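Here the structure comes first, spelled out in structure tokens, and everything after it is commentary.
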Amino acid sequence: RIIRDVRPFCAEAGVPETKDNIRALFISRVRENLHIVLAMSPVGNAFRVRCRMFPSLINCCTTDWFDRWPVEALQAVSKQFFTGLDF
């Protein structure tokens, strides 16, 4: 099924439609488009242990830390987005 579904992309890219080329194109498209979201709490010992067991979590990933927003910040953002809208 993968070969059948990827074959048109090979033709579009001008790549000969061999099984090896189709497989290589599939793998390259997966690498370009696959995104994984991993959420875990940084509280406690488990996060530290995971980071030591899997150092690529720190070295090869983008880490976004999310904290609670202050009420003033939430109000400022909402005012900015809703300015000029009629309700």
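Odds and ends about this structure:
- Any hit, segment 18-35, residues being assigned to a loop (DSSP other than H, G, I, E, B) and either in contact with a helix residue (DSSP H, G or I) (Cβ under 8 Å, 6 or more places away or on another chain) or over 30 Å from C61 (Cβ atoms) (or both): yes
- Only one of the numbered conditions (1) exposed (fewer than 10 other Cβ atoms within 10 Å of the Cβ); (2) more than 25 Å from the chain's Cα centre (by Cα); (3) assigned to a helix (DSSP H, G or I) is violated by F87, and that is (3).
- Residue match in segment 22-30 (condition: open to solvent by 60 Å² or more (accessible area, probe 1.4 Å), farther than 27 Å from D64 by Cβ and more than 22 Å from the chain's Cα centre (by Cα)): yes
- Count - residues of segment 69-81 that are part of a helix (DSSP H, G or I) and either under 19 Å from H35 (Cα atoms) or open to solvent by 70 Å² or more (accessible area, probe 1.4 Å) (or both): 7
- Verdict on V49 being at negative phi, of a type in the set (V, I, T) and surrounded by 10 or more Cβ atoms within 10 Å (Cβ to Cβ): yes
- Residue list for segment 36-60, restricted to those being assigned to a loop (DSSP other than H, G, I, E, B) and modelled with pLDDT under 90: I36, V37, L38, A39, M40, S41, P42, V43, G44, C60
- One residue stands out in segment 31-53 among those that are over 12 Å from the mean Cα position of the chain (by Cα) and polar (S, T, N, Q): the one that is nearest to V6 (Cα to Cα), namely S41.
- Check on F66, loosely packed, with under 10 Cβ neighbours inside 10 Å, of a type in the set (A, V, I, L, M, F, W, C) and assigned to a helix (DSSP H, G or I): no
The values are calculated or read from the model by the stated rules, or taken from the named source; none is laboratory data. Note that the structure is a prediction, hence the values are computed from the model and not measured. Every residue, glycine as well, gets a Cβ built from its backbone with ideal geometry; the counts of neighbours run over all protein chains shown. Just the protein is used for accessible areas: all its heavy atoms, side chains included, with ligands, DNA and RNA removed. Shrake-Rupley method; radii C 1.70, N 1.55, O 1.52, S 1.80 Å.
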